[in-house]
Each structure stands twice: as C-alpha cells, then as structure tokens.
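Written below as structure tokens is the structure these notes are about.
Readers should treat all values here as calculations from the given coordinates under stated rules, not as data from a laboratory. Because the structure is predicted, anything quoted here is derived from the model rather than measured. Glycine gets a Cβ as well: all are built from the backbone with ideal geometry, and neighbour counts include every protein chain shown.
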Amino acid sequence: MSVFLGLGSNVDDREKHLTQAFDRIEKVKQSSVIRVSSIYESEPWGRKNQASFLNQVIEIETHLKPDTFFSICQAIEKSMGRTSSLRWGPRIIDIDLLLYHHHIIDIKGLEVPHPRLTQRRFVLEPLVEIAPDVIVPGFGENVTEILRKCEDSGEVVVFRNRNENLRRIPK
C-alpha cells in the first residue's frame with residue numbers, strides 16, 4: 001500500500017527534527033521509503049503568532065494496517081518529545097497520515113485523507129512535487145488540480161531542494 005506522510009516542525013532545529021523523524025520512519029518494519037520531497041518553509045497555518053514551519057512529504061510502501069501505521073507515527077512523535085499542545089500550535093514534530101492508498105478511513109482518532117489536506121498549500125506543494133497525479137479519494141481529482149484550486153494564500157518556498165540533501169534519498 002502506498003502511504004503519504006506530511007512532516008512538519010517549527011521548534012528549535014526544525015531541519016534536524018525532520019531528519020530524525022525521517023530516520024525513524026525509515027526503520028519501520030514492513031515499510032520502505034519510496035520518494036521524499038524537498039523541504040519547504042511556510043508561514044504557520046491556523047495560528048499566525050509562531051515561528052515558520054519546515055514541511056516535507058514522504059511516500060512509503062507498507063504492508064501495515066492504517067491504524068497500526070498511524071500508531072507508529074504517533075509513537076515516533078512522542079519519542080521525539082511531542083506533547084499535546086494548542087491546536088495548530090508550535091511543535092517539535094508533526095507527522096500526518098495524508099493518504100493511505102485509495103482508502104477513505106474514518107475511525108476514532110484517524111481520518112484519511114487528512115481532513116484539511118485540500119486546504120493546505122504547505123502540504124499540497126511537496127505532495128505535488130513527488131506525486132502530481134495521485135488522486136485524493138473522495139475528491140476525484142489529482143493533487144495538482146487540488147493545488148490549483150487551493151484558496152490558501154500562505155507563502156510556501158523551497159528551503160532545501162531534495163537534490164541538495166547531504167545524503168542520498170529516494171526521488
């Protein structure tokens with residue numbers, strides 16, 4: 001199953017936090033990283049009075065069930081020091097399960113596609129970079145079309161191009 005994760009951080013060494021999350025995700029059993037976007041910098045969404053975020057999208061191939069994979073992502077966040085915080089507030093790391101194959105999931109604590117995916121330019125830009133033709137279940141459109149229609153006017157710029165990363169990552 002193809003899974004897309006959105007990573008975000010706006011506390012302390014943001015790039016280091018993304019790298020640490022990526023390293024932990026890369027070690028998840030029965031899963032492998034397929035593609036990784038560039039790292040993007042964006043102004044905060046929801047709560048404006050905080051530091052800018054760094055964001056990245058990762059595509060993973062996994063044999064794990066959605067709830068199992070989601071629990072692993074939450075455990076990674078917790079192990080990195082994430083605590084319950086203000087909604088849309090500052091965070092060391094945020095790992096969002098954006099898409100899980102072609103499934104629509106609505107179970108306690110997990111909604112896929114991510115409920116605000118189509119409203120967030122900071123997620124759509126890196127997603128379009130690595131998977132421009134992926135269809136968002138329930139919307140019947142690919143992410144490129146959804147980005148084109150997105151009303152989010154927040155600035156999103158490339159912070160580090162994926163080809164500039166210090167280590168080799170999947171493209």
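A few remarks follow.
- One decimal place: the segment Q50-Q30 gains 3.5 nm when fully extended, by the rule 0.36 nm per residue minus the C-alpha distance.
- Using C-alpha pairs below 8 Å separated by at least 6 residues, the relative contact order for the chain is 31 percent.
- The chain: calculated mean residue ellipticity at 222 nm from DSSP helix runs of at least 4, using -39500 (n - 2.57): -8000 deg cm²/dmol
- Karplus 3J(HN,Hα) series, Hz, for the stretch 13-25 with 6.51 cos²θ - 1.76 cosθ + 1.60 (x for Gly, Pro): 7, 4, 5, 4, 5, 4, 5, 4, 5, 4, 4, 6, 5
- Reach of K27 by Cα under 28 Å, taken over lysines that are not fewer than 8 positions away in the same chain: K16, K65, K78, K108, K171
- Between M80 and Q119, the FRET efficiency estimated from the beta carbon spacing at R0 = 25 angstrom works out to 0.45.
- Sparse-neighbour loop sites [trypsin sites (Lys or Arg not before Pro); the stretch 33-62; at most 16 other C-beta within 10 Å; DSSP]: R47, K48
- Along the stretch 111-118 the Karplus relation, 6.51 cos²θ - 1.76 cosθ + 1.60 evaluated at θ = phi - 60°, assigns HN-Hα couplings of 10, 9, x, 3, x, 10, 3, 6 Hz to successive residues, with x for each Gly and Pro.
- Semi-axis lengths, Å, the stretch 2-162, gyration tensor of Cα atoms, sqrt of 5 times eigenvalues: 21, 20, 15
- Sites matching trypsin sites (Lys or Arg not before Pro) across the stretch 94-140 that sit in DSSP coil, with at most 15 neighbouring C-beta atoms within 10 Å: K108, R116
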